[in-house]
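Colleague: The following block contains the structure, expressed as C-alpha cells.
The values are calculated or read from the model by the stated rules, or taken from the named source; none is laboratory data. Source: prediction; values computed, not measured. Cβ placement follows ideal geometry from the backbone for every residue including glycine, while neighbour counts extend to all protein chains displayed.
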Amino acid sequence: MAIFLGFISPTECLSENKSETNGTSNIINAYGREYQSLNGEWNIIIDPNDRGYNDFWKNQKPRNNNEFREYSFDDGYRLNVPGDFNSQMPELKYYEGTVWYGRYFDIEEPQRTDDKRILYFAGVSNVANVYLNGEYIGSHEGGFTPFSFDVTDRLKPSENFIAVAVNNKRKADGIPSMNFDWWNYGGITRDVMLLSVPKKHIVDYFLRLNPNNPSLITIDVEISEPIEGEQIEVSIPEIGANVKLVTNTMGKATGLLNAKKFKRWESGNPKLYEVFLKSRNDTVSEKIGFRTIETKGNKIIMNGVPIFLKGVNLHEEIPQRKGRAFTDADAAMLLHEAKEMGVNFIRLAHYPHNEHIIRMAEQMGLVLWEEIPIWQNIDFGNPKTDSLASNMMSEMIERDKNRASIIMWSVANETWPSEARDKSLLGLIELTREMDNSRLVTAAFNNPYYDRESNCFVLKNDPVAEAVDVIGVNKYIGWYEDWYQSPDSLKWKVLDEKPLIFSEFGGEALYGNHENPDAKWSWSEEYQSQLYRDNLKMFENISNLAGVAPWVMFDFRSPTRFSPQQGFEFNRKGLVSDRGERKQAWYVMKNYYSH
Ligand code: GCU
C-alpha cells in the first residue's frame, strides 16, 4: 500500500496557483486526444484536521497489514469521480475542508511507446495538491478550469497510486471569497484523464475570423518544444482549405486562411467545421465554428447583423441530483430546458462551466457569456488574489478560445468602484483583450441607481463600466428594490452609448405556492410572474437594451438561504423548480421570447 507523504498546507499551493512540475502548460482540446479515463470510484479519507499535512503521517512508514494504523485509504469510504463530495455523502453536505482521494491504476499502452503521458484534471474544487507514487507532483487553485502535469517519467506499468488532497475551504483572499450565493461544492468535480501525446506535440492553437478582416481566419499554433522550422499544416477538408505554417524559435507559428467560402456560425445555423492540425509527429482535430462579434453603437453585431440576446442565467448544478453537473446528459437536460423557453443566449453563472456543456451549447447554436467567479466582495489589491484572478481568466480563455458560441468574457459580478477594484479589473480587462481581441468584454453591475430628479436609472463614475464593451446590469426591481414609479414610466440612461444586457432580474417563488398572490415576498408564483411582466414592460424604456437574462433557470442550492418560504437552503428565483416543474414566470418568458 503506497503511502503518500503530504507535507504542505492544505489550502495553499506550493506554486503561485499554477500547476507546476515539468512546466507542462495546459494542453488544449484534451478530449480530442488519446486518453485513459481515471474516472470511477476512488477511495477517500476525510481529513478535517489536515493531519495528512503534518508530521503525523510524514514519519509513517509503509507497514504490513497487521500493524496498528490510524488511517487508511483501504476499505474506507469511496466517492465517484467526477462529482462533488457534498452531494455524495450526507456527512459531507456542509463539509469545507480537506478530502484525500486515492486510487491505483495500471497504464494502458499508448499507440506510440515513446509518448508523453499527461495527467489532466478538467476541474477540482477548489485547491488540489497532487501526489503520484508517493511524490508531490504539483498543485492548482481554482475550481473551474483544467490543469495538468507531465508524468511520463513517474509512471510504472502497473499499481500506480495517485492521491489528491482536495480542499474547498473559503478564503478571504480567494476567488470567490468568503460569501457567495451558491453551494460551496468541493471535490474532484470533473473528469480525470491520462493523456497520451507524441513527445513533440501540438500543445495549443487558436483559430478565429480576423476581427479587422473577416474574409481571413487568423491561426496561432504552438508545439510543445521551442523548436524553429517545424512545419504545421492546418486544413479544413470540407471546403478544401489548407495552409502550411512554420514555427519560430519559440515553437510558435501564425498564419491566415482564406475564409470566403466559409458558412458562418450563428444561432439558427451553428455551422462547425472539422479542423485538422498536423505537425511532423502529431495530428489533432476538432470542430470549430467561425463568426464575427462586435458592437456598433449600442448594438451587438454578429456576422454583420444586430442580434438581441434572449437569455437566461444557468448555474452548473443538476437540480434533480442537487449536485454539480458534469456529464453530457446533465448538459443536455440543462440546455434543452433553456432552449424550450426560447433562449438563444446563456450566461454561464458565475464561473467557467465544464467543457461538455460549452461544446453542447455550441452545437445547439446557443450564444454564451462566460465569467470567472469574481463575485461581490473580493480582496482586490492583494497580490495573491490579483494573481489568482489573472490565472483563472487565462485558463478560461486558454481552454475555450476556439468556441464560437462564446461571444464575451466577463471579468466581474457586482463589484463596486474603489481604487483597488478599479486597478485590478482594468488590468484584467487589458489581459483579456491581449489574449483574445476577437470577443467582447463585459461585467455585471448592480450599482446603477434610481435618480429621483431625472426619474431615471443611471450609473456614474465607474471606470470599469466605462471600459467594458457591453454593460451587464443586475437589478431586482420588485424584489430587492421597490417600484419607484410604474414600470412603464421608469427611465434608464446607463452607458447608453454601448449595448446593455439586463444580466439579472427576477424574484423568488416556491412552485405550487399561490398564497397571497399580490404580496411581495409571498414566494407565490403569481407574484413572481407579475414581477416578470412588470420588468419586461420597464425594459421597453431602455434604449440600449441588447439582451435580457432572467435570474435564473432552475432553483438552486445556497447555504445563504434558510427559511421555510424557500423550502430551506434553496434560492427559489428559478423559472423552473429543482424538481423540473415550470413556474408561471417560465411561460411569461417563453411568450416574451416568442416575439
Ligand atoms: C445577485 C447575484 C446572484 C444571486 C442573486 C440573488 O445578483 O449575482 O449570484 O444569486 O443576486 O440574490 O438571488
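Colleague: Scan PHE276, PHE308 and give me the residue that is touching a helix residue (DSSP H, G or I) at 6+ places or on another chain (Cβ under 8 Å) and either over 17 Å from PHE554 (Cα atoms) or among the acidic types (Asp, Glu) (or both).
Modeller: None of the other options fit; the residue is PHE276.
Colleague: Pairs needed: first member in segment 37-49, more than 13 Å from ASP74 (Cβ to Cβ); second member anywhere, surrounded by fewer than 12 Cβ atoms within 10 Å (Cβ to Cβ) and of a type outside the set (A, V, I, L, M); C-beta distance under 9 Å; at least 6 residues apart or different chains.
Modeller: So the pair list comes out as ILE46/GLU91.
Colleague: A further question follows. Looking at segment 478-537, which of its residues are among the acidic types (Asp, Glu) and not in a loop (DSSP other than H, G, I, E, B)?
Modeller: Across segment 478-537, the qualifying residues are GLU481, ASP488, GLU504, GLU525, GLU526, ASP534.
Colleague: So in segment 48-104, with the set limited to residues that are surrounded by 19 or more Cβ atoms within 10 Å (Cβ to Cβ) and in contact with a Ser or Thr (Cβ under 8 Å, 6 or more places away or on another chain), which one is modelled with the lowest pLDDT?
Modeller: Within segment 48-104, the match that is modelled with the lowest pLDDT is TYR53.
Colleague: Here is a follow-up. Going through PHE505, PHE539 one at a time, which residue ends up being among the aromatic types (Phe, Trp, Tyr), under 29 Å from LYS583 (Cα atoms) and touching a Leu at 6+ places or on another chain (Cβ under 7 Å)?
Modeller: PHE539
Colleague: Hey, another quick one. Taking LYS537 as the residue in question, decide whether it is at pLDDT 95 or above, more than 29 Å from GLU294 (Cβ to Cβ) and among the basic types (Lys, Arg).
Modeller: Answer is yes for this residue.
Colleague: Can you find even one residue in segment 298-305 that is over 29 Å from ALA241 (Cα atoms), more than 16 Å from the ligand (Cβ to nearest atom), surrounded by fewer than 20 Cβ atoms within 10 Å (Cβ to Cβ) and at pLDDT 95 or above?
Modeller: Within segment 298-305, one or more residues are over 29 Å from ALA241 (Cα atoms), more than 16 Å from the ligand (Cβ to nearest atom), surrounded by fewer than 20 Cβ atoms within 10 Å (Cβ to Cβ) and at pLDDT 95 or above.
Colleague: Please specify each residue of segment 467-520 satisfying the condition of being within 15 Å of the ligand (Cβ to nearest atom), farther than 22 Å from PHE570 by Cβ and aromatic (Phe, Trp, Tyr).
Modeller: PHE502
Colleague: If I ask for residues that are within 13 Å of GLY311 (Cβ to Cβ) and in contact with a Gly (Cβ under 9 Å, 6 or more places away or on another chain), which ones from segment 519-557 would you list?
Modeller: Scanning segment 519-557 gives GLY547, VAL548, ALA549, PRO550, TRP551, VAL552, MET553.
Colleague: Of all the residues that make up segment 546-590, how many are more than 16 Å from the ligand (Cβ to nearest atom) and β-branched (Val, Ile, Thr)?
Modeller: So the answer is 1.
Colleague: When you go through SER390, SER424 one by one, which is the residue that is in contact (Cβ under 8 Å) with a residue 12 or more places away in the chain, more than 28 Å from ILE27 (Cβ to Cβ), away from the ligand (no atom under 16 Å from the Cβ) and not in a loop (DSSP other than H, G, I, E, B)?
Modeller: SER424
Colleague: Taking only segment 509-552 into account, find how many residues are among the polar types (S, T, N, Q) and touching a Lys or Arg at 6+ places or on another chain (Cβ under 6 Å).
Modeller: 1
Colleague: Within segment 543-563, take every residue that is more than 15 Å from GLY342 (Cα to Cα) and outside any loop (DSSP other than H, G, I, E, B) and give me the one that is farthest from the chain's Cα centre (by Cα).
Modeller: It comes out as LEU545.
Colleague: Give segment 464-489 a look and list any residue that's of a type in the set (Asp, Glu) and free of Cβ contacts under 8 Å to residues at least 40 places away in the same chain, or say none.
Modeller: Result: GLU466, GLU481, ASP482.
Colleague: Further question: Quick check on segment 397-404. Is at least one of its residues in a helix (DSSP H, G or I), out of contact with any strand residue (DSSP E or B) (no Cβ under 8 Å at 6 or more places or on another chain), away from the ligand (no atom under 16 Å from the Cβ) and within 14 Å of ILE175 (Cβ to Cβ)?
Modeller: No: zero hits.
Colleague: Additional query: Scan segment 430-466 residue by residue and report those that are closer than 25 Å to ASP220 by Cα and within 16 Å of the ligand (Cβ to nearest atom).
Modeller: THR442
Residues are listed down the side, and each one gets a yes or a no for (1) in contact (Cβ under 8 Å) with a residue 12 or more places away in the chain; (2) under 26 Å from ASN26 (Cα atoms):
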{"residue": "ASN212", "(1), (2)": "no, no"}
{"residue": "ILE223", "(1), (2)": "yes, yes"}
{"residue": "GLU228", "(1), (2)": "yes, yes"}
{"residue": "ILE239", "(1), (2)": "yes, no"}
{"residue": "THR254", "(1), (2)": "yes, yes"}
{"residue": "LYS260", "(1), (2)": "yes, no"}
{"residue": "ASN281", "(1), (2)": "yes, yes"}
{"residue": "ASN298", "(1), (2)": "yes, no"}
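Colleague: Of all residues in segment 172-218, which are more than 16 Å from the ligand (Cβ to nearest atom), closer than 25 Å to TRP100 by Cα and crowded, with 20+ Cβ neighbours inside 10 Å?
Modeller: Matches in segment 172-218: GLY174, GLY186, GLY187, ILE188, THR189, ARG190, ASP191, VAL192, MET193, LEU194, LEU195.
Colleague: Go through SER438, SER454, SER486, SER503 for me and flag whichever is touching a helix residue (DSSP H, G or I) at 6+ places or on another chain (Cβ under 9 Å) and either exposed (fewer than 14 other Cβ atoms within 10 Å of the Cβ) or under 30 Å from ASN402 (Cβ atoms) (or both).
Modeller: SER486
Colleague: Kindly provide the set of residues from segment 265-274 that are assigned to a loop (DSSP other than H, G, I, E, B) and more than 25 Å from ALA30 (Cα to Cα), ordered by number.
Modeller: Across segment 265-274, the qualifying residues are SER267, GLY268.
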